[in-house]
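All remarks here apply to the structure that follows.
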Amino acid sequence: VAPDAPPADGADAAHYEPLDGGALRCTVDAGGHYGMSLHYDFADTPGGEPTEAHMRYYVRLADSWNQSATAGGVGGKFPGFGGLYNGQCPACANADGTKGWSCRGGYSQTLAPSNVLGAVTPLHSINVDVDPATQYGKTPRWAHNGMGFLENNRWYCVETHVRLNDVGSSNGVLRAWVDGYLAYEQRDVVWRTVDALKIRD
């Protein structure tokens, strides 16, 4: 956890208030995209690395959040899953299903207030799978059911489910929910071509 990311134990000038009890507060500098890095290594758990996993987290963008183009916003990453081995980034290593895979959550530039959706921040995935046409990953928008667009100063429940494909089959799964509503689903992903690749973190 970044040392400058203290728990948010009460309201402040940006109206960042915990959902229930305490909350971890993270600051992203204006024009930047990095806040903190958190890792859960499945290899260190009794069950080892799985081939299917589900996560849930809660996120709230403070009143001061502005990742719009005019504010220098470039988008960034939210939590997700991955199978990165030997320190390799699969996007940088031409992912071919043997080196690694990645499926991180992500956010795009905050929309302009004049947009029909208002000044919301769109969510998407950053997928690095077996697709030579997308060396640096795809970013499918989470827009099913009108979900995947975050307003400031409001708590959201975000969930992601990943199931790795059987080797030789195009049956990998990615699903995402916002506040319990399905926001994205894909059932034909090829995350890997060898059984050695699992969900590492």
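Points worth noting:
- Of all residues in segment 60-74, those being of a type in the set (Gly, Ala, Ser) and assigned to a helix (DSSP H, G or I) number 2.
- Residue list for segment 25-54, restricted to those being of a type in the set (A, V, I, L, M, F, W, C) and touching a Gly at 6+ places or on another chain (Cβ under 8 Å): 26, 28, 30, 42
- Qualifying residues in segment 43-56 (those that are modelled with pLDDT under 95 and not in a loop (DSSP other than H, G, I, E, B)) - the one farthest from residue 104 (Cα to Cα): 44
- Close pairs from segment 143-171: first without any contact (Cβ under 8 Å) to a residue 40 or more places away in the chain, partner surrounded by fewer than 15 Cβ atoms within 10 Å (Cβ to Cβ) and acidic (Asp, Glu), Cβ under 6 Å, at least 6 apart: 167/195; 170/188
- Residue match in segment 117-125 (condition: modelled with pLDDT under 85 and more than 30 Å from residue 167 (Cβ to Cβ)): yes
- Of note, residue 121 satisfies the criterion of being open to solvent by less than 10 Å² (accessible area, probe 1.4 Å) and out of contact with any Gly (no Cβ under 8 Å at 6 or more places or on another chain).
- Figure legend. Inter-residue proximity from segment 44-61: first residues touching a residue at least 24 places away in the same chain (Cβ under 8 Å), second residues exposed (fewer than 14 other Cβ atoms within 10 Å of the Cβ) and not in a loop (DSSP other than H, G, I, E, B), beta-carbon distance below 8 Å, spacing 6+ or different chains. Indicated pairs: 49/43.
- Of everything in segment 102-113 that is at pLDDT 85 or above and over 14 Å from the mean Cα position of the chain (by Cα), the residue that is most open to solvent (accessible area, probe 1.4 Å) is 109.
- Single residue of 22, 48 found to be touching a helix residue (DSSP H, G or I) at 6+ places or on another chain (Cβ under 8 Å) and more than 19 Å from residue 184 (Cα to Cα): 48
The values are calculated or read from the model by the stated rules, or taken from the named source; none is laboratory data. All figures in this text were calculated on a predicted structure; none of them were measured in a lab. Heads up, the Cβs are rebuilt from the backbone with ideal geometry, glycines too, and the neighbour counts pull from every protein chain shown. Keep in mind that these areas ignore ligands, DNA and RNA; they rest on the heavy atoms of the full protein, side chains included. Shrake-Rupley method; radii C 1.70, N 1.55, O 1.52, S 1.80 Å.
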